[in-house]
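**Q** Here it is, the structure, as structure tokens.
The values are calculated or read from the model by the stated rules, or taken from the named source; none is laboratory data. This structure is a prediction, so every number in the text was calculated from the model and none was measured. Virtual Cβ from ideal backbone geometry, glycine too; neighbours counted across all protein chains shown. Each accessible area value is taken on the protein alone, full model and side chains, heavy atoms only, with ligands, DNA and RNA left out. Shrake-Rupley method; radii C 1.70, N 1.55, O 1.52, S 1.80 Å.
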Amino acid sequence: MAYSEKVLDHYENPRNVGVIEDDLSVGTGMVGAPACGDVMKLQIKVNNEGIIEDAKFKTYGCGSAIASSSLVTEWVKGKSLDEAAEIKNTHIAEELALPPVKIHCSVLAEDAIAAAIENYRTKNQ
Amino acid sequence: MSNVKLPIYLDYSATTPIDPRVAAKMAECLTIEGNFGNPASRSHSFGWTAEAAVDQARQQIADLINADPREIVWTSGATESDNLAIKGAAHFYRKKGNHIITLKTEHKAVLDTCRQLEREGFDVTYLEPLENGLVTVDMLKAVTTDQTILISVMHVNNEIGVIQDIEAIGEFARENHIIFHVDAAQSTGKVDIDLGKLKVDLMSFCAHKTYGPKGVGALYVRRKPRVRLEAQMHGGGHERGMRSGTLATHQIVGMGECFRIANEEMATENERIRMLRDRLYNGLKDMEEVYVNGDMEHRIAGNLNISFNFVEGESLIMALRDLAVSSGSACTSASLEPSYVLRALGRNDELAHSSIRFTIGRFTTVEEIDYTVKLVSAAVEKLRDLSPLWDMYKDGVDLNSVEWVAH
Ligand SMILES: Cc1ncc(COP(=O)(O)O)c(C=O)c1O
């Protein structure tokens, strides 16, 4: 399998790996399943203005899954929740030049954003 | 560490490079100056010299396995040998019964051949081995019927390197008048094969796992008691009618020479390879959540098949780009297909996905093994730092109790 330069870069130097300590300002989304070969955990920290000021991830999955989650942590930072929810798998797949068999990785990353936002909103109703 | 040439080849069970001594012998059988004749030409010396070279190679095969050279049929490789043995025996003995027994962990050359026979109306039992990859005579006995005409069990498994008890299975098959076929593609030069003692009727070989060329193999067909086969390839009646086609002198000479070398050097070679394998294993085994696949005792010296829990297989292969190794998961498909061999041992999908097969051989060095240990340890550590499953495991979460949001 040949990987694009951008996938390789994110895989070699993943951005924003880690865990944010949980409190009311933090939304956590975990999607995927070990038996399917990928699990993504995405956390967002939202400030008083409703802007995502930090994001961290941990991913069990192939290089494309790692790159997709690394990329979205960069993209969601500085965005409002509604803006972050606009990030679609097609943007991710295009940015990383994912081949067709790896599109599901970008879908999973989109799902992870949605799950993190929903978790934050549920906690802050 | 720095003067290791990359990538490091640790995939000797996929194929081996040709030993230079073998290549030299093969090169003598190609050009006008060399031994290029058709071994079947009876009317001139070109044919006679070619035939003599083929006869010598036949003797070299026979010597390694303690058989009679007249029991050797040349083929294009182990796949063809498996096809000829299984289809040939099933077709010939069809009047006696229609039941065949084999293992779920066999090579596709055996499994797909059996599938074809099922389409022709045969009944095939695919036995699941024990968790360690081995099968016992009692397991075979339990599924044998009065219709059973053929048992096919591989000698050495290509993925996990375990060695089946061919001797005991042979005794059982002979007592019950069942033809016994053994795929020995992975065992020449690694395990002693004494067909004077083993009650094996048909045995498949190839050259390219034993430092010989690809595209040549042999089938051992026992003469006493005589085993009959229906030919699968028809033509000029070569190989006593069992396999027609002009013999490929250069390939056959290469196979003979590589088996000769195996016969002479296997004792010392296996000792050295075992030392390297143990060095690799010892370098990796102290990491947490590392599992060896297949029995460690009944196993060839050069195989280490190991799963790294909580690390995804494809990302691991990506991290190990400087190593030529095999993985338990197919990286090219969207639906990750874990190794059917590891599944048959009862390994869960995650462990099957995260498995790596290291196979060590004649040209592997201590430096390469030490480099490999460092590379693999660092890759596993890095990927676990990235893995949410690893964190959950460390926090004592039982991953089987989690409700996953599968997509
Ligand atoms: C156990 C086993 N059987 C059969 C084969 C097929 O051999 P060949 O490639 O010579 O057809 C192989 C090798 O791929 C093997 O490992």
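**Q** Do we have any residue at all in segment A:84-91 that's touching a residue at least 24 places away in the same chain (Cβ under 8 Å) and open to solvent by 50 Å² or more (accessible area, probe 1.4 Å)?
**A** no
**Q** Please identify the pairs in which a residue from segment A:14-35 that is free of Cβ contacts under 8 Å to residues at least 24 places away in the same chain has its Cβ atom under 7 Å from the Cβ atom of a residue that is small (G, A, S), counting only partners at least 6 apart or on another chain.
**A** From segment A:14-35, the pairs are A:A33/B:A406.
**Q** Let me ask something additional. Of the residues B:E350, B:E368, only one is modelled with pLDDT under 90, buried (at least 19 other Cβ atoms within 10 Å of the Cβ), assigned to a helix (DSSP H, G or I) and among the acidic types (D, E); which?
**A** B:E350
**Q** Determine which single condition B:N309 fails, assuming it passes every other condition in (1) under 30 Å from A:H10 (Cα atoms); (2) open to solvent by less than 10 Å² (accessible area, probe 1.4 Å); (3) in contact with an Asp or Glu (Cβ under 8 Å, 6 or more places away or on another chain).
**A** Condition (2) is where B:N309 drops out.
**Q** Within segment B:213-231, how many residues are within 14 Å of the ligand (Cβ to nearest atom), crowded, with 18+ Cβ neighbours inside 10 Å and not in a strand (DSSP E or B)?
**A** Result for segment B:213-231: 2.
**Q** Then there is this: Provide a single number: the residues in segment A:92-125 that are of a type in the set (K, R) and either more than 22 Å from A:C36 (Cβ to Cβ) or open to solvent by 20 Å² or more (accessible area, probe 1.4 Å) (or both).
**A** Here the count works out to 2.
**Q** Looking only at segment B:376-388, count how many residues are within 14 Å of chain A (Cβ to nearest Cβ), part of a helix (DSSP H, G or I) and either open to solvent by 30 Å² or more (accessible area, probe 1.4 Å) or of a type in the set (S, T, N, Q) (or both).
**A** Of the residues in segment B:376-388, 4 are within 14 Å of chain A (Cβ to nearest Cβ), part of a helix (DSSP H, G or I) and either open to solvent by 30 Å² or more (accessible area, probe 1.4 Å) or of a type in the set (S, T, N, Q) (or both).
**Q** Taking only segment B:1-55 into account, find how many residues are part of a helix (DSSP H, G or I), farther than 17 Å from B:P213 by Cα, free of Cβ contacts under 8 Å to residues at least 12 places away in the same chain and not polar (S, T, N, Q).
**A** Here the count works out to 4.
Quick grid of which residues meet (1) touching a helix residue (DSSP H, G or I) at 6+ places or on another chain (Cβ under 9 Å); (2) more than 16 Å from the ligand (Cβ to nearest atom):
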| site | (1), (2) |
| --- | --- |
| B:E71 | yes, yes |
| B:L84 | no, no |
| B:K95 | no, yes |
| B:N98 | yes, yes |
| B:E106 | yes, no |
| B:L111 | yes, no |
| B:V137 | yes, yes |
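**Q** Can you tell me which residue within segment B:89-127, out of those that are of a type in the set (D, E) and part of a helix (DSSP H, G or I), is most open to solvent (accessible area, probe 1.4 Å)? Can you show your working first?
**A** Looking only at segment B:89-127, we keep the residues that are of a type in the set (D, E), and these are B:106, B:112, B:118, B:120, B:123.
Those left that are additionally part of a helix (DSSP H, G or I): B:112, B:118.
On the way: B:D112: 93, B:E118: 68 Å².
Checked segment B:89-127; the qualifying residue most open to solvent (accessible area, probe 1.4 Å) is B:D112.
**Q** Can I ask one more? Is at least one residue of segment B:160-181 in a loop (DSSP other than H, G, I, E, B), within 16 Å of the ligand (Cβ to nearest atom), among the β-branched types (V, I, T) and open to solvent by less than 10 Å² (accessible area, probe 1.4 Å)?
**A** Looking for residues that are in a loop (DSSP other than H, G, I, E, B), within 16 Å of the ligand (Cβ to nearest atom), among the β-branched types (V, I, T) and open to solvent by less than 10 Å² (accessible area, probe 1.4 Å), one finds at least one in segment B:160-181, hence yes.
**Q** Mind checking which residues of segment B:216-246 are over 15 Å from B:H181 (Cα atoms) and either among the β-branched types (V, I, T) or touching a Lys or Arg at 6+ places or on another chain (Cβ under 7 Å) (or both)?
**A** B:V216, B:A231, B:Q232, B:M233, B:T246
**Q** Please give the number of the condition B:K190 fails out of (1) open to solvent by 10 Å² or more (accessible area, probe 1.4 Å); (2) away from the ligand (no atom under 13 Å from the Cβ); (3) under 17 Å from the mean Cα position of the chain (by Cα).
**A** Unmet condition: (2).
**Q** So which residues in segment A:12-24 are closer than 28 Å to A:Y120 by Cβ and either open to solvent by 50 Å² or more (accessible area, probe 1.4 Å) or touching a helix residue (DSSP H, G or I) at 6+ places or on another chain (Cβ under 8 Å) (or both), if there are any at all?
**A** A:N13, A:P14, A:R15, A:N16, A:V17, A:V19, A:E21, A:D22, A:D23, A:L24
**Q** Further question on the same structure: Of all residues in segment B:1-37, which are at pLDDT below 95 and either within 16 Å of the ligand (Cβ to nearest atom) or among the aliphatic types (A, V, I, L, M) (or both)?
**A** Within segment B:1-37, B:M1, B:V4 meet the criteria.
**Q** Looking at B:S41 and the list (1) more than 18 Å from B:L195 (Cα to Cα); (2) away from the ligand (no atom under 16 Å from the Cβ); (3) surrounded by 20 or more Cβ atoms within 10 Å (Cβ to Cβ), which single condition is not satisfied?
**A** (3)
**Q** A further question on this structure: Quick one: in segment B:193-207, which of the residues that are under 21 Å from B:E80 (Cα atoms) and more than 10 Å from the ligand (Cβ to nearest atom) is surrounded by the most Cβ atoms within 10 Å (Cβ to Cβ)?
**A** B:M203
For (1) more than 30 Å from B:S327 (Cα to Cα); (2) surrounded by fewer than 24 Cβ atoms within 10 Å (Cβ to Cβ), each residue gets a yes or a no:
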position: A:V26; (1), (2): yes, yes
position: A:C36; (1), (2): no, yes
position: A:K45; (1), (2): yes, yes
position: A:K56; (1), (2): no, yes
position: A:V72; (1), (2): no, no
